[in-house]
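One structure is given here, and the rest of the page talks about it.
The values are calculated or read from the model by the stated rules, or taken from the named source; none is laboratory data. Remember, predicted model here, so these are calculated numbers, not experimental data. Methodologically, a virtual Cβ is constructed for each residue, glycine included, from the backbone with ideal geometry; neighbour enumeration extends over all protein chains shown. Heavy atoms of the whole protein, side chains included, go into the accessibility calculation; ligands, DNA and RNA do not. Shrake-Rupley method; radii C 1.70, N 1.55, O 1.52, S 1.80 Å.
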Amino acid sequence: LLEKLSNAPPDLLSDVPMIESLEATKATATEVQLAVDRGKETEKGINLAREAYRPVATEASMLYFLLLQLGSINSMYQYSLASFLLFFEKAMRRADEETVSADELGEIPQKMAAQ
């Protein structure tokens with residue numbers, strides 16, 4: 001494109017292939033801009049979803065490490081990651097199986113602690 005522009009005749013409107021090339025470049029740039037805009041919107045949605053799960057992840061990690069430390073009190077209280085995941089999966093199943101709202105996400109740690 002730059003080479004065509006540098007070698008273009010003084011009357012740019014008479015060079016039809018160059019005009020077509022410029023139009024194709026403009027169309028490509030527009031498509032790229034639309035894809036970037038869609039990407040930004042998708043990123044916002046992902047960030048919102050991630051932030052909704054952050055409190056649950058924090059609580060779940062605290063519960064896991066609490067269960068892990070129970071073994072130092074008495075060996076009877078030793079739990080494995082598999083045991084913890086079992087508790088976590090039960091809590092997730094007890095949560096609404098359809099769409100989980102932000103309020104319901106906050107209930108998952110309480111459901112785990114109730115087990």
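A few notes on this one:
- One residue from LEU22, LEU67, LEU1 being closer than 30 Å to LEU81 by Cβ, open to solvent by less than 100 Å² (accessible area, probe 1.4 Å) and either under 16 Å from the mean Cα position of the chain (by Cα) or at pLDDT below 90 (or both): LEU67
- When restricted to residues that are in contact (Cβ under 8 Å) with a residue 24 or more places away in the chain and open to solvent by less than 70 Å² (accessible area, probe 1.4 Å), the range 30-64 contains 4.
- The range 70-85, subset assigned to a helix (DSSP H, G or I) and of a type in the set (Phe, Trp, Tyr), residue surrounded by the fewest Cβ atoms within 10 Å (Cβ to Cβ): TYR77
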